[in-house]
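Reviewing the structure listed below.
Since every read-out is calculated from the coordinates, none of them should be taken as a lab result. Quick caveat: nothing in here was measured; it's all calculated off a predicted structure. Methodologically, a virtual Cβ is constructed for each residue, glycine included, from the backbone with ideal geometry; neighbour enumeration extends over all protein chains shown.
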Amino acid sequence: MKPASFRYHAPKTIEEALALLAEYAPDDGRVLAGGQSLVPTMAFRLARPHHLVDINGIEALRRLGVEQGRLVIGAGVRHQAFHRPVVEGPLGVLLSAVMRHIAHYPIRTRGTFCGSIAHADPASEWCLVAVTIGAEMVARSAHGTRSMAAAEYFQGVMTTALQADELLAEVRLPVLSGDTRFGFYEFNRRAGDFAMGMALVTFRLADGAIIDPHVAVGGAEAYPRRIAAAEALLTGRAPEAVVFRAAAEAASAAIDPLTDAQTDARYRRDLVATVTRRALEQAAG
Ligand SMILES: Cc1cc2nc3c(=O)[nH]c(=O)nc-3n(C[C@H](O)[C@H](O)[C@H](O)COP(=O)(O)OP(=O)(O)OC[C@H]3O[C@@H](n4cnc5c(N)ncnc54)[C@H](O)[C@@H]3O)c2cc1C
């Protein structure tokens, strides 16, 4: 099928894009970033936007670098930019490792980091990263700029606090300290498919005990989230199998699992226990 007709706009500056969104968002105007989620839904006529505001020509949105202890990722930065570490230390390695699980190579060369965060698929790897390490989402509109923490930003399946006339201009990730360990484990039936369940964990060790654990699960609920019960079981404990198993079981018990044609709630709970345990083992390794 072909998309329904729409008007195409190609701003060259952020200000032009914001003015176009202010004018056309009320008439179902949408941002077009990499197009890897939006265009297929238009082709199936699941979405019929009347206006597309293509941000690909805006040079200022391609920012990617560390500013004041935060990695700033502009709306024009594509998944593939993370192929090699973009920042020294664990954060760069973590982003590279996670990026390899997103879709397939051609999609990674077009799809954008911020597009994934705006689209907010429950199984988006970048959304899981944002939740786990405490990203800040920076939204701009003709009315001004605001930033949101992940807890405020993610609201449901493909639902965020972003308003229709707002551009997610950039996402800022805290640079992880050099001693941060991480583990990421994702399960899907075919390489490149969306995750059926995944976990990302980070922690540090002090005198052989776990400190500052972050344990988050994605692909299993409406949106990724940190699991406080699992983190509490890890804090102050040695990084060993019995502790990891307890934390993984706590994560499994804490979720309200999504179900679909492939997976029922019980399957997803089991899966969450497994992916969480494996992510923890990887971090310890
Ligand atoms: C076969 C296939 C497999 C895939 N597998 C995965 C996967 O395993 N994991 C994964 O995470 N993703 C996967 N994707 C999705 C892919 O990562 C997309 O690139 C991503 O979800 C959206 O980014 P985009 O830049 O292409 O956004 P677009 O498709 O251009 O936009 C998506 C939505 O977000 C809005 N939007 C985009 N950017 C902004 C912005 N800066 N501000 C405000 N709104 C914005 C658009 O208006 C639209 O509603 C897959 C896609 C395909 C086709």
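Each of 200, 130, 144 was scored by the projection of its Cα onto the charge dipole of the range 128-218, and the greatest displacement toward the positive side belongs to 200; charges sit on the C-beta of Lys, Arg, Asp and Glu. What the phi angles of the range 153-161 give under the Karplus curve with 6.51, -1.76 and 1.60, with θ = phi - 60°, is a coupling list of 6, 7, 10, x, 4, 6, 10, 10, 7 Hz, glycine and proline written as x. The residues neighbouring residue 123, those whose beta-carbon lies less than 13 Å from its own, together hold a net charge of -4 under the Lys/Arg +1, Asp/Glu -1 convention.
For residue 258, the residues 5 or more places off, or on other chains, whose built amide H falls under 5 Å of its own are 221.
A simple charge model with +1 on the Cβ of Lys and Arg, -1 on the Cβ of Asp and Glu and nothing else charged puts the dipole of the range 156-285 at about 360 debye relative to its Cα centre.
Calculate the translational D of the range 96-249 in whole µm² s⁻¹ from Stokes-Einstein, where the hydrodynamic radius comes from the Kirkwood formula applied to all Cα pairs, the temperature is 25 °C and the viscosity 0.890 mPa s. Using the Kirkwood radius from Cα pairs, D works out to 150 µm²/s. Comparing 147, 116, 177 in a Gaussian network model of the chain, where Cα atoms under 10 Å apart are tied by springs, the biggest mean-square fluctuation is seen for 177. Please list, in order, the residues from the range 29-45 whose amide nitrogen is less than 14 Å from a point placed 7 Å along the Cα→Cβ vector of residue 1. The answer is 39-45. Most simply put, the range 29-103 has about 50% antiparallel DSSP beta bridges, counting only bridges with both residues inside it. Of all DSSP beta bridges confined to the chain, the antiparallel ones make up roughly 85%. With both residues required to sit in the range 1-149, DSSP beta bridges show an antiparallel share near 60%. Across all directions, the average projected area of the convex hull around the alpha carbons of the range 196-285 is 5.0 nm². Computed about the Cα centre, the dipole magnitude for the chain is approximately 680 debye when only Lys and Arg (+1) and Asp and Glu (-1) carry charge, each at its Cβ. When the alpha carbon gyration tensor of the range 47-88 is reduced to an equivalent ellipsoid, its three semi-axes come out at 26, 12, 9 angstrom, largest first.
For the chain, the longest principal axis of the Cα atoms and the long axis of helix 14-24 meet at an angle of about 70 degrees. Overall, the range 1-114 carries a charge dipole of about 520 debye about its Cα centre when +1 sits on the Cβ of Lys and Arg and -1 on the Cβ of Asp and Glu, all other atoms neutral.
Residues in the range 267-281 carry Karplus couplings, in order, of 4, 5, 4, 4, 4, 5, 4, 5, 5, 5, 4, 5, 5, 5, 4 Hz; the curve used is 6.51 cos²θ - 1.76 cosθ + 1.60 with θ = phi - 60°, and Gly or Pro positions show x. Note on residue 235 and residue 13: their simple-model spin labels are 4.8 nm apart, each label 7 Å out from Cα toward Cβ. Between 0 and 90 degrees, the angle of helix 241-254 with respect to the longest Cα principal axis of the chain falls at about 40 degrees.
Give the angle, between 0 and 90 degrees and rounded to the nearest 10, that separates the Cα long axis of helix 90-99 from the longest principal axis of the Cα atoms of the chain. Approximately 70 degrees, to the nearest 10. Could you tell me which of rounded, prolate or oblate describes the range 72-142, using a ≥ b ≥ c as the square roots of the eigenvalues of the alpha-carbon gyration tensor, with rounded for a/c under 1.5 and, failing that, prolate when a/b is larger than b/c and oblate otherwise? Rounded shape, in that the Cα axes give a/c under 1.5. Normalised by residue count, the chain yields a Cα convex hull volume of 125 Å³ per residue.
Compute the Cα gyration tensor for the range 9-108, then decide on rounded, prolate or oblate, letting a ≥ b ≥ c be the square roots of its eigenvalues: rounded whenever a/c is under 1.5, prolate when a/b is larger than b/c in the other cases, and oblate in all that remain. Verdict is oblate for the range 9-108.
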